[in-house]
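What follows is a set of notes on a single structure, which appears directly below.
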Amino acid sequence: MKKIPSQGISKDELFGMMETYRAQDLPWRDGRTWAYVYDAGEEVEAVIKKAYMNFLSENALDPTAFPSLLHFENEIISMCAAHLGGDENTVGNFTSGGTESIICAVKAARDWARAHRPDVTEPEIVLPDTAHAAFHKAAHYLDVKLVLVRADAETFQADPEAMRAAITDQTILLVGSAISYAHGVVDPIEELGLIALEKNVLFHVDACMGGFLLPYFKKLGGDIPHFDLSVPGVTSISMDLHKYGFAAKGASVVMYREKELRKYQIFACSQWTGYTIVNPTVQSSKSGGPLAAAWAILHFLGEDGYMKLAKTMFDATQKVCEGIERMEGLELLAKPHMNLIAFTTTDEVDIFQVADEMKDRGWYIQPQLGYNHSRQNIHLSINPKSAQWVDDLLRDLKISVDAARAIPQGELATMIESMFADFDPSQFSDEVFGQMLQMVGIGGASDIPERMADINNALNALPAALREKLLTEYLNQLFQYQEPTA
Ligand SMILES: *Cc1c(COP(=O)(O)O)cnc(C)c1O
């Protein structure tokens, strides 16, 4: 086992050690990593780091102890409300990320329904299958039932009529996205809002990804459907600042049309011997760093700074989309409203091999597994820093498609598909899952293979419930200390 060193290590030595651990990390600063990191350049990075460090140790647990933090939070919420069509009645809170914002919104809806709709005994949320997995997590944590509705097979937007048909007397909440992560499209929020009003249910818009940038894309001439708090029927909305707000990670907001609903998000406990807890969000003790960094970057960049960044991404997105549409053998899965793109191959070329070929050429782009109407594909998030690389990306993409075409199709996926077509995960023991991990090539947690195509194809061939079981098993292995081998 690793133990706490018996004697402290010098600063030089320990920071040196930490830098060496980075060797295998994605080299995101070069702008060739098109996922995970939202990079607006060195100056922005310096500003968020300084603000973060300045408030790192302050604790937002008690808003009366550190009024500076309360001030930041209320101002951030007001700026975000103004950005997303809210008014003086709009309230909200700062959270650690989209997932926490969504958990808060689902909790508020559940507890609102407990108070106002005693007829509801098994609360349900109706959402499109394109909605973020965070809703599944929230429903799982909060014991709310999910009713998944397939999105339109062409546009990948939510299908309002199918959503309406899925509403029952137990439905408490509808969900729409602006934009959806996978396909980058805005759902028909106005139509969904009308349905929510008609059926008298709450309606959350997940604008975690799109909320910040869409208003700028609209000003730049983007054809963006209405999606914000100004749309009738929308009762809550979430927006991440740590995506295209370029704040430090740990920054999102969840907002409500009015206080009456937000009240149900707050948790209070005085039934113990310590300090009375009153928490608006999931975290209790929390660093003031992310909050201060988010406040700082909104002020540092301002509307004109964000507009410039948006323009860079807007133009780059158009070029990338046109390039992909022109390229033989590739197609966009949907016409994106923002700067997130999903594309796939039109013929027998293995899209996961394309991703590996791109990786060999120094790009990191994200493979997405197929689900329902959505075929397996590659996902790109376009950053300001990626704009300079668009031509190179398209060139290498063409080379990668040709290279992938020459690679013979693996048989593993076909074999797995036929083996597990009608599969009940509950019948399998942990040992079997361990063996399956070996089979798909991720048996040893420490030896992550260079090429992922076989693994991705194997996962893609499995039913979703089995993918979940298998990857749970994988993570359960991955998060365990291992003695260094060398
Ligand atoms: C990123 C994202 C989330 C989840 O946000 P985290 O910050 O990763 O927790 C939710 N919804 C959408 C649409 C997203 O893109």
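Each reported figure results from applying straightforward, stated rules to the coordinates on display, with no laboratory input. Since the structure is predicted, the reported quantities are computational estimates derived from the model, not experimental observations. All Cβ positions, even for glycine, are placed from backbone atoms using ideal geometry, and neighbour counts span all protein chains on display.
General remarks:
- Close Cβ contacts (under 8 Å, 6 or more residues apart or on different chains) running from residues in the range 72-101 that are closer than 16 Å to Ser287 by Cα and within 16 Å of the ligand (Cβ to nearest atom) to residues that are among the acidic types (Asp, Glu) and in a helix (DSSP H, G or I) comprise Asn93/Glu73; Phe94/Glu73.
- Out of Ile442, Ile455, Ile448, one residue alone is surrounded by 14 or more Cβ atoms within 10 Å (Cβ to Cβ), free of Cβ contacts under 8 Å to residues at least 40 places away in the same chain and outside any helix (DSSP H, G or I). It is Ile442.
- Condition broken by Ala115, with the remaining ones in (1) buried (at least 21 other Cβ atoms within 10 Å of the Cβ); (2) away from the ligand (no atom under 16 Å from the Cβ) satisfied: (1)
- Pairs are defined by a Cβ separation below 8 Å, a sequence spacing of at least 6 or placement on different chains, a first member in the range 407-420 that is in contact (Cβ under 8 Å) with a residue 12 or more places away in the chain, and a second member that is of a type in the set (S, T, N, Q) and surrounded by 16 or more Cβ atoms within 10 Å (Cβ to Cβ); the pairs so defined are Ile407/Gln353; Gly410/Asn457; Leu412/Asn457; Ala413/Asn457; Ala413/Asn460.
- Taking the range 213-240 as the range and being away from the ligand (no atom under 16 Å from the Cβ) and among the acidic types (Asp, Glu) as the test, only Asp223 passes.
- Hits in the range 156-194 (condition: of a type in the set (Ser, Thr, Tyr), closer than 16 Å to Thr235 by Cα and away from the ligand (no atom under 16 Å from the Cβ)): Thr171
- Residues in the range 195-212 that are small (Gly, Ala, Ser) and within 16 Å of the ligand (Cβ to nearest atom): Ala207, Gly210, Gly211.
- Pick from the range 381-419, criterion part of a helix (DSSP H, G or I) and acidic (Asp, Glu), ranking: surrounded by the fewest Cβ atoms within 10 Å (Cβ to Cβ): Asp391
- Any strands (runs of 3 or more DSSP E) falling wholly within the range 271-371 and containing at least 2 residues that are within 24 Å of the chain's Cα centre (by Cα) and within 30 Å of Val106 (Cα to Cα): 340-345, 366-368
- Exactly one residue out of Val106, Val126 is more than 23 Å from Asn59 (Cα to Cα), surrounded by 21 or more Cβ atoms within 10 Å (Cβ to Cβ) and within 16 Å of the ligand (Cβ to nearest atom), and it is Val106.
- Which numbered condition Thr344 fails, given (1) farther than 30 Å from Ser252 by Cα; (2) surrounded by fewer than 19 Cβ atoms within 10 Å (Cβ to Cβ): (2)
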